[in-house]
1. Given the criteria among the basic types (K, R), more than 28 Å from N43 (Cβ to Cβ) and more than 15 Å from the chain's Cα centre (by Cα), does K231 qualify?
2. Would you tally the residues in segment 146-172 being without any contact (Cβ under 8 Å) to a residue 60 or more places away in the chain and under 25 Å from V105 (Cα atoms)?
3. Which of (1) under 19 Å from F222 (Cβ atoms); (2) assigned to a helix (DSSP H, G or I); (3) at pLDDT below 85 does T97 not meet, given it meets every other one?
4. Test I22 against the criterion of being in a helix (DSSP H, G or I), of a type in the set (V, I, T) and within 16 Å of V155 (Cβ to Cβ), and give yes or no.
5. So if I check each of I47, I109, I27, I80, which one is part of a helix (DSSP H, G or I) and at pLDDT below 80?
6. Can you tell me which residues in segment 163-180 are assigned to a helix (DSSP H, G or I), within 19 Å of G9 (Cβ to Cβ) and either hydrophobic (A, V, I, L, M, F, W, C) or at pLDDT below 85 (or both)?
7. State all residues of segment 186-234 that are over 17 Å from L104 (Cβ atoms) and not in a helix (DSSP H, G or I); if no residue qualifies, say none.
Amino acid sequence: MKKNIYYIGEIILISGIITDQIILFAISRLFKVSPEEIIKGRNYELIFLFLLLSTAIIFLFFYLFQKTDTQSEKKLEIPIFKDFSKRTIQISLTAFTFLFLFMLVTSPIIRYFFNVDTFNNPLLENLKSGRDFLLMLICGVVGGALREELQRSFVLQRFEVIFNIPIAGLFIWSIYFAMGHLNQGVPAVFVIGFIGLGLGWLYLKFKKFDINFLTHTFFNIFTLLSFFIYKNFL
């Protein structure tokens, strides 16, 4: 029982639910802006700083949790870029295509029910210059794909190996993942929630962080590029 509580503590720390608030508070005090201004994308430099710090802390936690887990039969290893094969790329591109098509299909439905323009993403509304686009591109790869897939892989492995309920972990984390994108608007939460389920299933199916990271990277880059072109050139 005590060990399970310890593992739950690991999941909470890996989730960033505590540390992200601390980082957000520290940045807001240091730069004298409100946390809401950072979250809503009023300053892309501060978003960039926030996500880099958050990602670094998540990696630190992951490293420490692997080192302190002395039960070898339960030690969870996430191979990062150890099997970067052609098959990995093929699976990732296929998964990305399905997820992106899903987003395109569900966008008109969301637009109908919520009466909103699905391309109006509050976080990206001020994305106009090439510099801002580059900052958000790095955020999408590092703070998005790398950080979020490390979190997802760790949490799903814990639920599967320690608690033996991977499906529960899949749905709990997908809901948390979706709510973490609330700053992008309510419609985005629904789409991202289902995308989170897809990425979670992808990890449970192949058990390879590399596949999830590449899929998420392709998705973030292509979505960001589409939004940037739509808003500035179309």
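1. Working: among the basic types (K, R): yes; more than 28 Å from N43 (Cβ to Cβ): no; more than 15 Å from the chain's Cα centre (by Cα): yes.
Judged against the criteria, K231 is not a match.
2. 3
3. Only one criterion is unmet by T97, namely (3).
4. On the way: in a helix (DSSP H, G or I): yes; of a type in the set (V, I, T): yes; within 16 Å of V155 (Cβ to Cβ): no.
It is false that I22 is in a helix (DSSP H, G or I), of a type in the set (V, I, T) and within 16 Å of V155 (Cβ to Cβ).
5. Values: I47 fails: at pLDDT below 80; I27 fails: at pLDDT below 80; I80 fails: part of a helix (DSSP H, G or I).
Just one listed residue meets the conditions, I109.
6. At the first step, the residues of segment 163-180 found to be assigned to a helix (DSSP H, G or I) are 166-179.
Those left that are additionally within 19 Å of G9 (Cβ to Cβ): 168-169, 172-173, 176.
Answer for segment 163-180, where residues must be assigned to a helix (DSSP H, G or I), within 19 Å of G9 (Cβ to Cβ) and either hydrophobic (A, V, I, L, M, F, W, C) or at pLDDT below 85 (or both): A168, I172, W173.
7. K207, K208
The values are calculated or read from the model by the stated rules, or taken from the named source; none is laboratory data. As the structure is a prediction and not an experimental result, all values here were calculated from the model. Neighbour counts run over all protein chains shown; Cβ positions are idealised from the backbone, glycine included.
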